[in-house]
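> Following this message is one structure expressed as structure tokens.
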Amino acid sequence: MQSVTFNIVVGIVTGLITATVLLIIKSIFFSSFLPWYRQVMYRGLKIEGSWHSISRAQKVLIEINQACEKLTGKATVLLAKDNFPESTRQNLEIDDIRTFDVKGEISERFVSLQLKHTDRSRLGVVNYLLQVDGDGTKLAGKANWYAPLGSGIHSGSETFYRDEARAQRSMEREQVEDSVSYLELEAIEESEIEDAVSSEENETNKQSKADA
């Protein structure tokens with residue numbers, strides 16, 4: 001009787017040990033070996049690392065970690081308050097630095113990212129749909145986001161660069177182009193005014209000659 005009981009206990013213990021070992025092997029396979037194997041076999045684009053976007057209003061740094069097509073990371077948004085008018089700057093009810101959790105995917109050369117504020121008590125959502133441009137050091141596309149200053153949802157174009165200096169040069173070039181466009185617009189308006197004045201003077205002269 002004792003030998004039967006002993007055999008039953010040994011069988012149960014052996015079964016538990018076997019099940020535990022199998023669970024450990026399964027866990028190691030799915031959590032370590034399989035991701036490693038997929039990473040080794042992955043032949044798609046790799047965009048992990050730091051990406052920079054600079055505008056007059058803010059600087060954005062996105063740090064991406066990549067596991068095959070899955071993307072995660074952190075984003076930091078630095079508000080450029082010095083570029084706002086003094087009257088606007090005093091009424092800015094927004095943090096100078098905001099941080100976001102990043103999740104997304106890459107498919108072919110298209111990148112989708114979703115940013116959510118790390119502080120769950122604060123509102124902050126940004127979505128990007130970007131494509132890898134040029135030699136792989138530029139991400140360009142569209143974004144939509146919740147703007148806390150205006151309490152509304154906005155959208156617009158967005159470009160990120162691997163090199164922060166290149167992002168800075170891009171912003172400066174856009175400022176120059178905007179200035180040139182404004183000067184050209186002023187020149188066109190002045191030319192139109194001069195043409196209108198000249199035309200009016202010609203009409204006046206013709207009328208004076210006719211009256212004479």
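> Where does the charge balance sit around T72 when Lys and Arg score +1, Asp and Glu -1, over other residues with C-beta under 13 Å from its C-beta?
Summing Lys/Arg as +1 and Asp/Glu as -1 gives -1.
> Let me ask something else about it. Rank the residues S50, S170, S157 as a footprinting-exposure proxy: fewest other Cβ atoms within 10 Å of their Cβ go first.
If I rank by nearby Cβ atoms, fewest first, I get S157, S50, S170.
> According to the square roots a ≥ b ≥ c of the eigenvalues of the Cα gyration tensor, what is the shape class of region 49-162, taking rounded for a/c under 1.5, prolate for a/b larger than b/c otherwise, and oblate for the remainder?
The shape class here is prolate.
Throughout, read-outs are computed from the coordinates displayed, never taken from laboratory work. Computed from a predicted structure; not experimentally measured. Every residue, glycine among them, receives a Cβ derived from its backbone with ideal geometry; neighbour counts consider all protein chains shown.
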